[in-house]
Structure formats: structure tokens, C-alpha cells
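To start, the structure under review is shown below, and the notes come after it.
The values are calculated or read from the model by the stated rules, or taken from the named source; none is laboratory data. Predicted, not measured: the structure shown is a model, and the values here were computed from it. Cβ placement follows ideal geometry from the backbone for every residue including glycine, while neighbour counts extend to all protein chains displayed. For the accessible areas, the whole protein counts, side chains as well, though only heavy atoms, and no ligand, DNA or RNA atoms are used. Shrake-Rupley method; radii C 1.70, N 1.55, O 1.52, S 1.80 Å.
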Amino acid sequence: MQTPGYYRPETMTEALDILARGPVTLAAGCTDLFAATGARALPGPVLDITGVDALRCATRDADGVHIGAATTWSDLVAADLPPAFDMLKQAAVEVGSLQIQNAATLAGNICNASPAADGAPCLLALDAEVELASASGARRMPLAAFVTGPRQTALAPGEMVTGLHVPADATRGISRFEKLGARRYLVISIAMVAARLVIEQGRIAGAAIAVGACSAVAVRLTALEAALIGAPADARLAAVVTDALIRPALAPIDDIRADAAYRMDAAAELVRRALAELVAGS
């Protein structure tokens, strides 16, 4: 479908050709795009990628898991993915309303680059890489390098996100997502945590823990992750999870939803809850 100022191609070749002609607004669901537009219409031409069927997928192979840029949150909930992705599915059902989940995409959530993006901590804990393409070629980069600040990404002119890749090693383990807001649904996070643990012979063999809404971008708690390796996967794990391993990585702000001190306390508590839930169910 192509009308003046609006393009909805059916193939990647068409999409990249349109993108190469000049600046466009990329759209995939538009749940944030329209909400952030003060005018009655989006300025300039719009490239809607939801017509490219190849971009709507969540598939697994020997290299890992690939999630296409047009894959919705509802698609993710229904996808056959290993337990390491449970945290992503738990986040999915807390993104806005069901109507939003049916239209909004995980890739759009990342490109929007909000500090409170629900998908960011989960993808960080999955070591996710962002797949990018333009008329001149394709590249892949870690999510941590792609989101550079609030509403800022490393997307180059003439380039679009085509998907997200989770390497095979990061598909191991069990996972949990915890989110705190002013109410249960239809809420922007005060703090949120995604945690993935690999448990072998009753001990932590691998850990990936990320916090969102408590810094300019979501961050991994690498010091805590390192301290957890070798720890018993039971109630004794709580003694390892100290504030000193959590707080230095975070830089929360005061805003209308919560002050910085409350966010800091909430993040630490959510980390403890997520890890306690994981070891209790292991």
C-alpha cells in the first residue's frame, strides 16, 4: 500500500528502497508514535513496516532466537520460547492494555528508548543484539550500545531495525520480571527488574540481572551477577544480594511517579523478590 506520504511495503527490499530515498518516520504499531505527536498528523512521509510478513516472527534455531521488528507483544506471549524468555512474556502482559499489546512491538519499545521501556531490562538480561539494515548493508550491535540515552539510539540515517537476536547461550536458564507502578495495569514503571539464572547442581552457574526506570537507560547489575556465581540456589542466596552490589549501578531521578530514594529502595527489593521467586521454583 502506497499513498502520498504513507508507505506500507510488503517486502524488505521495498522497505529499504523507500528508506533510501530520504528521511521517513518509521512506524510499527504506532502506539507510542501517535501519542507523542502533538499535531493531528505525523509530519513527513511514514514508512509502516507492519506489512512485511518476514518481520513478524519469533523463531529459534541453533544460533539462538530471532524476533522480527514487527512482532507484537501478544505474538511474544503466544510464541514457543524457552523458560529464559518467561520474563519477557511477563513484561508483555503488563504493557498497557490488551489492545496495546496486540499492536505494539518489542522493537518499537526499544527504538522509543524510554528509560521505563518494559522490554529493555528483559532484553539486556538475554544479551540481546539489535539487527539493523539499510540499502548499503546490515549490521548487528548489542542492545546496551544501541540505546544511548533517553529517547536516543545509535540508529544511523537511512537505517532501520529489522529484529532482535538472542544468542543461544543466553537462552539458557529460568527467568522472572518484576515491575512496580502506582497501580497494577496501564502504568509507567517506577522501577522494574528482569533476572535470569542458570542453576546447575543446586548452585548458580550463570546470572543476568537488569534494572529499568532507575537510570537514563536500563542497566545490568554486573557486580551482583559476579557475586552470585557459585552461590547456593536456595534461601541462603538472600545473604549475597546486598545493597552494595545493587545501588552503585543505579542513578534514579525524582519525577511525578516517585523520588530517587524510593526508586533505589524499590529496585533493590524487586531484585530480591525476583531472585527469591526463581530459586524457590527451581
Original post:
What FRET efficiency do you get for ILE253 and ALA168 if R0 is 35 Å and r is their Cβ-Cβ distance, rounded to the nearest 0.05?
Top reply: 0.45
**OP:** Using a 1.4 Å probe and counting only protein heavy atoms, arrange ASP53, ASP48, ASP234, ASP32 so the residue with the most accessible area comes first.
**Re:** ASP53, ASP32, ASP234, ASP48
Subject >> Model label zone, ALA244; criterion: amide N under 20 Å from point 7 Å along Cα-to-beta-carbon; scope the range 194-224 >> reply: 221-224
Original post:
Fully extended, how many nm does the chain gain between ASP80 and ARG236 (0.36 nm per residue separation, minus their Cα-Cα distance)?
Top reply: 52.9 nm
**OP:** Run the numbers on the range 174-281 and let me know its relative contact order in percent, using alpha-carbon pairs under 8 Å that are six or more apart.
**Re:** 28 percent
**OP:** Output the antiparallel fraction of DSSP beta bridges having both residues in the chain, as a percent to the nearest 5.
**Re:** 90 percent
Original post:
Ratio of the range 2-169's C-alpha Rg to 2.2 N^0.38 Å, to two decimals?
Top reply: 0.98
**OP:** Using only Cα atoms, locate the centre of the range 105-137 and the centre of the range 186-233, then give the distance between them in Å, rounded to an integer.
**Re:** 18 Å
**OP:** Only one of the values (1) 1.09; (2) 1.27; (3) 1.01 was calculated from this structure for Cα Rg over 2.2 N^0.38 Å; name its label.
**Re:** (3)
Original post:
Of the accessible area of the chain, with the probe set at 1.4 angstrom, what percent is carbon plus sulfur?
Top reply: 55 percent
Original post:
Based on the alpha-carbon gyration tensor of the range 174-281 and its eigenvalue square roots a ≥ b ≥ c, which shape applies: rounded if a/c is under 1.5, prolate if not and a/b is larger than b/c, or oblate?
Top reply: prolate
**OP:** Please determine, in degrees from 0 to 90 and to the nearest 10, the orientation of helix 12-21 with respect to the longest principal axis defined by the Cα atoms of the chain, where the helix direction is its Cα long axis.
**Re:** 70 degrees
Original post:
Helix 260-281 sits at what angle to the longest principal axis of the chain, using alpha carbons and giving 0 to 90 degrees rounded to 10?
Top reply: 70 degrees
Original post:
SER136 accessible area, nearest 10 Å², 1.4 Å probe?
Top reply: 110 Å²
**OP:** Return one whole number: the accessible area per residue of the chain in Å², for a 1.4 Å probe.
**Re:** 46 Å²
